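What follows is one structure encoded as structure tokens, with my remarks underneath.
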Amino acid sequence: MLGLYLHIPFCSSICNYCNFNRGLFESGLKDRYVAALEQEIRVSGRGEAVDTIFFGGGTPSLLDPAEIARLIAASRQAFDVTPDAEVTLETNPETSTPDRMGGFRDAGVNRVSFGVQSFREPELKRLGRVHTAERARGAVREARAAGFDNISLDLMMWLPQQSAVDWRESVDALIEVAPEHASLYLLELYPNAPLKEEMARAGWSLAPDDDAAEMYLWSLAALERAGYGQYEISNVARPGRRSRHNLKYWQDGEWLGLGCGAHSTRNGARWKNVSSTDEYISRLQCGHSVVADRRELTRESQLEEALFTGLRLAEGLDLDIVGERYGIDAWARYDAALQPSLEAGLAIREGGRLRLTRDGMLLANEVLSVFV
Ligand code: SF4
């Protein structure tokens, strides 16, 4: 089934490491954007079956619950959204109140994903985040009180000045808060990130690579002891609580990305909407297409991607099945190239199945480069 990704490009302040398609919240622009997004939903749907809706951003929780309800209703009218669809709202802790969380729940959201990033104040300040650790805990309490039983928390590791002990403090705090799902992301600094300049000015440094590897491995072990299972390089979940939407990205699935800058993959093609919020709105107002860039995927590039993304999953991939789907003998094609990784203990072959070990996950791009 299709997944729907709805992009909301507004934030209450801009974090110094962020390279997403977002801008500062402005009420008038937001109103026009929601109307445009609703229109794109209506013209995109042909009644196809949809089992996930994901509001990503930006900060989708800056929208009012009534606006989220409007966009979900438009999705239900344009698509055949299953009654048990997973409907996720990315939420920043500073936007949460008991009323708003109750409103989002009534609107039809059944999963919230909180961008917490750290439970340590100095780290939150260095990242330019506007919430505190206590606000993050409060937001999760508010979501629980509103009836959410599917909550995810994002943490970021390898932050400036973050030691292994600091990282453990955040992971322990996350376990105490007890979400159903957690994502552990590595801070990636793009070339002109303001945080890079701040780091140089303030003399902040990153922990050595070996420490970062140890931090990653330690946190997965701690989360496993607490009842979470790793199912993807950066994601863990309690049983039955994997992100159904994100699994579409890793399991060769199909999704429609609606909103400015959103990407779609469907029927062997991939396309991207215009990034600019203003241009997105004006194109829709004129009845023009919002697609900026579209390409047909060759069978070869679909295969490469199925392997490259699928092997991010902890359970790995059955290369025999993937080969069958794409009409090749995958083991014959890749066996020799995979040998160094297999011998180094970075990947394991179990029958027709290939999966990365934890050490292999640390070097995933290197191991998976044999497929592209
Ligand atoms: S809240 Fe998220 S999307 Fe917005 S600026 Fe910060 S990192 Fe970027």
Under a Cβ-Cβ cut-off of 10 Å, what is the net charge of the residues other than A347 that fall near it, where Lys and Arg count +1 and Asp and Glu count -1?
0
Going by how many other Cβ atoms sit within 10 Å of their own, how do S341, S118, S61, S44 line up, fewest first?
S44, S341, S118, S61
Counting only Cα, what are the radius of gyration and maximum Cα-Cα distance Dmax of segment 116-233, in Å?
14.7, 45
Hey, could you pull the Cα Rg and Dmax for segment 85-182, both in Å?
13.3, 41
Could you derive backbone 3J(HN,Hα) for segment 191-196 from the dihedral phi with the Karplus parameters 6.51, -1.76 and 1.60 (θ = phi - 60°), listing whole Hz in sequence and x where the residue is Gly or Pro?
x, 9, 4, x, 4, 4
Given bins 10 angstrom wide, list per bin the percent of all Cα-Cα distances in segment 144-192, short to long.
22, 45, 24, 9, 1
Just to be sure I understand the model, the point goes 7 Å from the Cα along the line to the Cβ. What's the resulting K196 to W331 distance in nm?
4.5
Would you work out the relative contact order for the chain, in percent, from Cα pairs under 8 angstrom that are 6 or more residues apart?
14
Cα centroids of segment 345-366 and segment 264-317: how far apart, whole angstrom?
27
Mean 1/r over all different Cα pairs, inverted: what Kirkwood radius does segment 300-356 give, in Å?
11.4
Here the chain gives, from Cα atoms, an Rg and Dmax in Å of 21.0, 59
Counting only residues 5 or more apart in sequence or on a different chain, those whose built amide H sits under 5 Å from that of N150 are V112
About its Cα centre, what dipole magnitude does segment 207-356 give when the only charges are +1 on Lys and Arg Cβ and -1 on Asp and Glu Cβ, stated in debye to the nearest 20?
740
Quick one: the Cα spread of segment 25-73 along its three principal axes, in angstroms, biggest first?
33, 19, 18
Counting alpha carbon pairs within less than 8 Å and at least 6 residues apart, what relative contact order, in whole percent, applies to segment 85-176?
35
Nitroxide proxy distance, nm - points 7 Å out along Cα→Cβ at V165 and E304
4.6
Reachable lysines from K30, Cα under 25 Å, same-chain residues fewer than 8 places away excluded?
K272
Between R141 and H263, what FRET efficiency comes out of the Förster formula 1/(1 + (r/R0)^6) with R0 = 45 Å and r the beta carbon distance, rounded to 0.05?
0.85
Using alpha carbon positions and the Kirkwood radius, the Rg to Rh ratio of segment 38-134 is 1.06
Contour minus end-to-end for R358 and E296, with contour as 0.36 nm per residue of separation and end-to-end as the Cα-Cα distance?
18.9 nm
Cα-derived Rg over Rh, computed across segment 178-232 with Rh taken as Kirkwood radius
1.09
Which residue, chosen from G261, C18, S243, occupies the Cα position most advanced towards the positive end of the dipole of the chain, where the dipole is computed from +1 (Lys, Arg) and -1 (Asp, Glu) charges on Cβ about the Cα centre?
G261
Relative contact order (percent, whole number), segment 271-372, Cα cutoff 8 Å, 6+ residue spacing
24
With +1 at each Lys and Arg Cβ and -1 at each Asp and Glu Cβ, the charge dipole magnitude of the chain around its Cα centre, to the nearest 20 debye, comes out at 760
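We did not get these values from a lab; they are worked out from the coordinates using the rules stated. Note that the structure is predicted; figures quoted are calculated from it, not measured. Glycine also receives a Cβ, built like all others from the backbone with ideal geometry; neighbour counts cover every protein chain displayed.
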